[in-house]
1. Which ones in segment 180-194 are crowded, with 22+ Cβ neighbours inside 10 Å and either outside any helix (DSSP H, G or I) or out of contact with any helix residue (DSSP H, G or I) (no Cβ under 8 Å at 6 or more places or on another chain) (or both)?
2. Picking from Phe79, Phe100, which residue would you name as being assigned to a helix (DSSP H, G or I) and either touching a residue at least 24 places away in the same chain (Cβ under 8 Å) or on the phi > 0 side of the Ramachandran plot (or both)?
3. Quick test for you: out of Val184, Val264, Val206, Val290, pick the one residue that is under 17 Å from Asp15 (Cα atoms), in contact with a Pro (Cβ under 8 Å, 6 or more places away or on another chain) and at pLDDT 95 or above.
4. When you scan segment 266-280, how many residues do you find that are outside any strand (DSSP E or B) and surrounded by fewer than 24 Cβ atoms within 10 Å (Cβ to Cβ)?
5. Only one of Ile166, Ile84, Ile172 is out of contact with any strand residue (DSSP E or B) (no Cβ under 9 Å at 6 or more places or on another chain) and either of a type in the set (Val, Ile, Thr) or over 29 Å from Arg33 (Cα atoms) (or both); which?
6. Here are some conditions: (1) more than 21 Å from Thr209 (Cα to Cα); (2) of a type outside the set (Lys, Arg); (3) loosely packed, with under 14 Cβ neighbours inside 10 Å. Ser138 meets all but one. Which one does it not meet?
7. Kindly check whether there is at least one residue in segment 193-202 that is modelled with pLDDT of 95 or more and closer than 27 Å to Gly16 by Cβ.
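The values are calculated or read from the model by the stated rules, or taken from the named source; none is laboratory data. Worth saying up front: this structure is predicted, and the values here are computed from it rather than measured. Glycine gets a Cβ as well: all are built from the backbone with ideal geometry, and neighbour counts include every protein chain shown.
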Amino acid sequence: MNIKDLLKQRILILDGAMGTMIQCHKLEEEDFRNEALKDHPNSLKGNNDMLSITRPEIIKEIHRLYFDAGADIIETNTFSGTTIAQADYGLQEWVYEINFQSAKIAREVADEYTKKTPEKPRFVAGSMGPTNKTSSLSPDVNDPGFRAITFDELVVAFKYQAKALIDGGVDILLLETIIDTLNVKAALYAIEELFEEIGKTYPIMVSGTITDASGRTLSGQTTEAFLISVEHSHLLSIGLNCALGAEALRPYLQVLANKSSFFVSAYPNAGLPNEMGQYDQSPQSMTKQVEEFCKEGLVNILGGCCGTTPEHIKAIAEMATKYKPRVIGATSY
């Protein structure tokens, strides 16, 4: 069934955090290397995207756990899968393989579960993170006009990533955790250019990040300004993820639900991090908070970001069955 039709029928469930689940495995440097990288000079520990090549069984198992929990959509293990982000590890030449293999792994698992229950098709979203460089802000406080990257460089990087994800078999491209709208505009330009070249289009999800209580992105935009900046594209959905817990995210989701002509997604963190950077919010507590999104008819897609686990997604998925999805053009709050 077409995902647009499904989104009109029920709230679809996105998976939870990949990094949180990977941390449970207590991996060491050697887990992030294979034979070809045994003498690579850079430390690779923490480069989770590389695990799709070096430890694919771990990534497959995480995908399965989220599908078992009730997810309809899983994200590929490619949040840092651009040449820009992988340059930190000296692995730019591995970017195509990282994205292709990550998409292939997710596709295999999604098809496995769709075959079991054809009435509940599973989807793969190609995760495209914001990169570690911004095009709207200077990293040098003494030179506000300086930029660490150009728009054109971002276009090249995002286009290369998107091509590999599509070749690997994704259903959707998900531009997520957007902190700088100019970066995502480069990604949207790159994707549209790629679609023209391949003669085919794919649904695009965009998810921004509100970084503090002012309700703005890191580059200074309000939620409504963020929406206006990207609504020229033909998006499947727009939403918010990361940074804030569900309770703090609610007023900004209300803005999107009221103003957007697209479906709306939300996948907040499991609360706010503690002094050790860990997320303590229980599945029950988080579910109680995101239930308010459903009661008010704010969302079409619901999942979890940092600190969330299959237990969180299971609780959210069970709760969401009680509510109807947001109707585009109508609000109930």
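1. Asp180
2. Phe100
3. So the residue among Val184, Val264, Val206, Val290 that is under 17 Å from Asp15 (Cα atoms), in contact with a Pro (Cβ under 8 Å, 6 or more places away or on another chain) and at pLDDT 95 or above is Val290.
4. Residues that pass the stated criteria total 8.
5. Of Ile166, Ile84, Ile172, the one residue that is out of contact with any strand residue (DSSP E or B) (no Cβ under 9 Å at 6 or more places or on another chain) and either of a type in the set (Val, Ile, Thr) or over 29 Å from Arg33 (Cα atoms) (or both) is Ile84.
6. All conditions are met except number (1).
7. yes
Every residue, every condition in (1) over 15 Å from Leu194 (Cα atoms); (2) touching a Ser or Thr at 6+ places or on another chain (Cβ under 6 Å), yes or no:
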position	(1), (2)
Ala110	yes, no
Thr114	yes, no
Glu119	yes, no
Phe123	yes, no
Thr131	yes, yes
Ser138	yes, no
Gly145	yes, no
Val155	no, no
Leu165	no, no
